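Here the structure is laid out as structure tokens; the discussion comes afterwards.
The values are calculated or read from the model by the stated rules, or taken from the named source; none is laboratory data. What you are looking at is a predicted structure, and each value in this text was computed from that prediction instead of being measured. All Cβ positions, glycine included, derive from the backbone under ideal geometry; neighbour counts span all protein chains shown.
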């Protein structure tokens, strides 16, 4: 009888742990929904304590706390994420995601649709690697950034550095720079087309 009483809690624990296993595809869907809902607590519950984002030559490691800064920076641009497709690739997933944002709109690449390879650790999202952004015009993107940065350097030097400031303040300055730049092109003293 004593042995049976000891086995019951073990069986119960095994049953509960099996029922709590989550589907990686479900976690990816929840992750993008959490971004759309500005719910960082949900994002934090879905990612590992350290997460890595790889985009081209850039490798950006984050702790959960520094990823929160990234989340806040991103939220300033009012993005909407649409998960278009999920493909299994061994123990990884390839997510095709469409993102609309104020920043991408200014950079004339809105929406931006990219494929990301997502890796997991203990069922949580651990690494995002950008694979391809279909239809992105990186030359136009760079031209728009260069024009904005040059204009800000001359007309609003107090905003200098916004392009590399990945904090919420940097994002707010980025949006302010875009607004001032666009107003300069359409305001009363803007050059008139002939």
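Test of understanding: among 189, 147, 184, which residue is out of contact with any strand residue (DSSP E or B) (no Cβ under 7 Å at 6 or more places or on another chain), farther than 22 Å from residue 72 by Cβ, modelled with pLDDT under 95 and part of a helix (DSSP H, G or I)? Before you say what the answer is, go through the steps one by one.
Details: 189 fails: part of a helix (DSSP H, G or I); 147 fails: modelled with pLDDT under 95.
Only one candidate passes the filter, namely 184.
Take the stretch 152-181 and flag every residue that is in contact (Cβ under 8 Å) with a residue 12 or more places away in the chain, over 27 Å from residue 60 (Cα atoms) and surrounded by fewer than 16 Cβ atoms within 10 Å (Cβ to Cβ).
Hit for the stretch 152-181 is 155, nothing else.
Taking the stretch 96-113, which residues are surrounded by fewer than 19 Cβ atoms within 10 Å (Cβ to Cβ) and in a strand (DSSP E or B)?
First, the residues of the stretch 96-113 that are surrounded by fewer than 19 Cβ atoms within 10 Å (Cβ to Cβ): 96, 98, 100, 102, 104-105, 108, 110-111, 113.
96, 98, 100, 113, listed by residue number.
Tell me which residues, restricted to the stretch 44-57, are in contact with a strand residue (DSSP E or B) (Cβ under 9 Å, 6 or more places away or on another chain) and over 13 Å from residue 126 (Cβ atoms).
Just the residues of the stretch 44-57 that are in contact with a strand residue (DSSP E or B) (Cβ under 9 Å, 6 or more places away or on another chain), to begin with: 45-56.
Once the filter is applied, which keeps residues that are in contact with a strand residue (DSSP E or B) (Cβ under 9 Å, 6 or more places away or on another chain) and over 13 Å from residue 126 (Cβ atoms), the stretch 44-57 yields 45, 55, 56.
Within the stretch 126-135, does at least one residue satisfy the condition of being in contact with a helix residue (DSSP H, G or I) (Cβ under 9 Å, 6 or more places away or on another chain), at pLDDT 95 or above, under 25 Å from residue 50 (Cβ atoms) and outside any loop (DSSP other than H, G, I, E, B)?
As a first pass, look at the stretch 126-135 and keep what is in contact with a helix residue (DSSP H, G or I) (Cβ under 9 Å, 6 or more places away or on another chain): none.
No, that holds for no residue.
If I go through the stretch 159-171 residue by residue, how many of them are part of a helix (DSSP H, G or I) and farther than 13 Å from residue 70 by Cα? Spell out the reasoning first.
Let us first name the residues in the stretch 159-171 that are part of a helix (DSSP H, G or I), namely 159, 168-171.
With the extra rule that they be farther than 13 Å from residue 70 by Cα, the set shrinks to 159.
Result for the stretch 159-171: 1.
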